[in-house]
1. Looking at the stretch B:58-72, which of the residues that are in a loop (DSSP other than H, G, I, E, B) and surrounded by fewer than 22 Cβ atoms within 10 Å (Cβ to Cβ) is nearest to the other protein chains (Cβ to nearest Cβ)?
2. Whether any residue in the stretch B:294-302 is surrounded by fewer than 19 Cβ atoms within 10 Å (Cβ to Cβ) and not hydrophobic (A, V, I, L, M, F, W, C) is what I want to check.
3. Report, by residue number, each residue of the stretch C:169-206 that is in contact with a Ser or Thr (Cβ under 6 Å, 6 or more places away or on another chain) and under 28 Å from A:E83 (Cα atoms).
4. Which of the residues belonging to the stretch A:61-76 are buried (at least 23 other Cβ atoms within 10 Å of the Cβ) and either free of Cβ contacts under 8 Å to residues at least 40 places away in the same chain or more than 18 Å from A:T30 (Cβ to Cβ) (or both)?
5. Determine whether B:A236 is buried (at least 20 other Cβ atoms within 10 Å of the Cβ) and either modelled with pLDDT under 95 or outside the structural domain of B:S86 (by TED's automatic domain parsing) (or both).
6. Out of the residues in the stretch C:202-249 that are outside any helix (DSSP H, G or I) and in contact with a Pro (Cβ under 6 Å, 6 or more places away or on another chain), which is surrounded by the most Cβ atoms within 10 Å (Cβ to Cβ)?
7. Would you please name the residue that is farthest from C:R104 (Cα to Cα), looking only at residues in the stretch B:1-41 that are buried (at least 24 other Cβ atoms within 10 Å of the Cβ) and of a type in the set (V, I, T)?
8. If C:A276 passes every condition in (1) under 24 Å from A:I53 (Cβ atoms); (2) in a helix (DSSP H, G or I); (3) without any contact (Cβ under 8 Å) to a residue 40 or more places away in the chain; (4) hydrophobic (A, V, I, L, M, F, W, C) but one, which one does it miss?
Amino acid sequence: MGAEESKPGWTSLPIGAVLVTPGSAERNKTGTWRLKRPVLDAKKCTNCLLCWIYCPEPAIMRGTKTIEFSYDYCKGCGICATECPTKAISMTEET
Amino acid sequence: MARVISQKIVGMNGNEAVAFAAKQARVDVVAAYPITPQTIMVERFSDYVANGEVDTQFICVESEHSALSACVGSSLAGSRVFTATSSQGLALMHEVLYLASGLRTPIVMAVANRALSAPINIHNDHSDMMGSRDCGWIQIYAENAQEAYDWTLQAFKIAEDHDVLLPMTVNLDGFTISHAMEGVTVLEDGEVSKLLGKRQPKYGLDPDNPMTFGALTLPDYYSEFKRQQVDAMDKAPPVIEAVADEFKKVSGRQYSDVSCFNVEDAEAVVICMGSIAGTARTVAARLRKQGKRVGVMKVWQYRPFPTRRIAELLSKVKCVGVIDRAVSFGAPYGALCSDIASTKVQTGIQTKVFNVICGLGGRDVKPADIEQVFEKALRCAGGEPLDMPTSLLGVRQ
Amino acid sequence: MCGWGALGHANFALGSEAVMVALKELPTRELFGPGHRMCTGCGPAATARITMKALERPAIIVNATGCLEVASTIYPDTAWKLPWVHTLFENTAAVASGIEASLRAQGRADAMDVIAFGGDGGTFDIGIQALSGALERKHDFTYICYDNEAYMNTGIQRSGATPHGAATTTTPAGSKIPGKMGSKKDLIGICVAHGIEYAATASVAFWNDYINKVRRATALKGPAVLHVLAPCPLGWRFGTSETIKLAKLAVQTRYFPLYEVENGKYRLSMKVPKPAPLEEFLKPQGRFRHLFAPEFAKDLEELKKETESNWNRIAQLCGEPTVQTQPASN
């Protein structure tokens, strides 16, 4: 199979399936999973960081004045929108 | 100028000899659970710990499954690790055996071979280790307490070699070796430390260099890691040989993959493993005095199986009687004979092969029994057709 | 007011060492994720992430087979940025024991924490032996059980942590038997019976309480067990955005009491003086839907009774008042 042939062979892989690069999963842009995307109303954001602590991915970053979404990884679960105390986040259809 | 190596003879049984070797190897962690006939190994080591004779962290785990699991944890964290078990304990840790070899942890484990239940039996045969022979561990069979001591020491060096990095069992017959007192010639602590050095892990659990162990591999990757284990097994024999040569220099005792007694000009040979080889050699020596051309091949290194070497050694032998100490139910041969028969198929040697299974559950195998095997082998060597390729010896009708 | 739980701190009584954690003071570094393949809205994923935020020293993670392990380490990807090992399903505490012993042999045990993660499957059931052994031997490690109340990774089969009446694939809501018959094991009680210094329950929704408990558990010398409720959208059958809400409701309805046990002394972390009706927790979950059919009203009542008697049992141990609203059992 073509796709299999391009993967590394046993002579070049570290033994025992050990993964020597921490966080190598970052190459998986799980943002492709989502059906809805969170949109921030920056005026309502108080930077309380509740969405940040609850995000399972994480796909929310701490910005200077407000949070920022990492759309590369956001799976669109909507926990942030549910938990936001000022309703600053709304889930809209992914285009 | 030759180095003066001093050794002394200490009266020890097989279990004590192994525990002593683990002590001299300065293992960092031992996690073990008692089971007859291994118990004395664990108890003797506990004495060393309680008397401050070792710096080892000794974990009295609550089962054999946890014993080997804890060893895997310790080994991944960088420690030199030892454990021991028998029979049901080995069976209980079955999945952990594959885990240890798959994760490439150089754990050394002594197995005091004992029959597997049911029915429950605490005496010696090889069904325990044979039940796990495909687990990816290097497997050695010792004939006596001396060999158990010597192989346990060598095992650390073999397993920890970066070309190998496989766990290793040293098998010793339960009660027959484990509980029998011998005069064991032991090295001085300093010589052992020089021989083994400190373990140098290749990969490990270390916050300064974070790694992930035990990831899930899907069909697109699993095979490559199994291929690596095959490679490690292929690389083990030269490492075992090199360590044996180093060991010879300090002890005067030479080890190898097999040990031959009068095989070069034999026409009939008995192949066996473990303590039964002693009985076989005694019988062979007696038959030689009667002019019969017989020999004994004792296999030390069971995995990786020394196919090429055995084929070379048997090239002129007309017939071999292979003794197995366990039944492989439903199979044409017992485990060892199966490997000898495969050797024949792969290499094209013409030696006739038959299998005798005996000594199950500690049933005593007497010289007269072994003599029967030699006589059959000689008859086959003389041209008589093989009537029963596999038979059970010494079982009442 | 930023960074505080929904109930307000009047009802929030933590242990004496509890601290109000400011979210802004938590590290930004992510030792877990992103890029892992846990489900959308996964409770255990959030739990793992919050645990990483709580760490105050370098740590080595030991992970049981299960959702968290499988979905975070599919070769060649790993979501973890600290030393991490998975071996088998039932031996996590044994592997942790071995690592801890190795660190002691190396003289490095004080410099780092050994933290074990196991799901309810790998902890309550198949892993209970190894956990018991490790606790009895008093190894210095923290065992965190993320509880989604079934064997989720293999497709939602019942575990010893599955509550009475819940539908799983091995205890389906059938016409004759409405879900799991039998209750949830008392994991903390089992652990406390080993004489350990600290055990506590937590909920992924109450992050401040949980972070304090992680810090308390990892700082002490000896074993500690945390039992964290981590809802599973797929297995409990609710919308992915409700995970935290349900983890809150579980506590607010007294279904899952939050408490600590320090040297055998029980202390309630959250008093819940005005519990919400249990139905508020049950109704959004598909796994309890059948309990609202008239033929299974008896089983719904049974679950309510059990919830109350469990709360009362814990309250009594904590020296708190008990309440009887449900009719006594026959």
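1. Only one residue fits best here, namely B:E62.
2. No: zero hits.
3. Residue satisfying the conditions is C:V204 alone.
4. A:I67
5. Taking the combined requirement at face value, the residue does not satisfy it.
6. In this case the residue turns out to be C:A230.
7. B:V18
8. For C:A276, the exception is condition (2).
The values are calculated or read from the model by the stated rules, or taken from the named source; none is laboratory data. It should be emphasised that the depicted structure is a prediction, and the values quoted were computed from it without experimental measurement. Cβ: placed from backbone, ideal geometry, glycine included. Neighbour counts: every protein chain shown.
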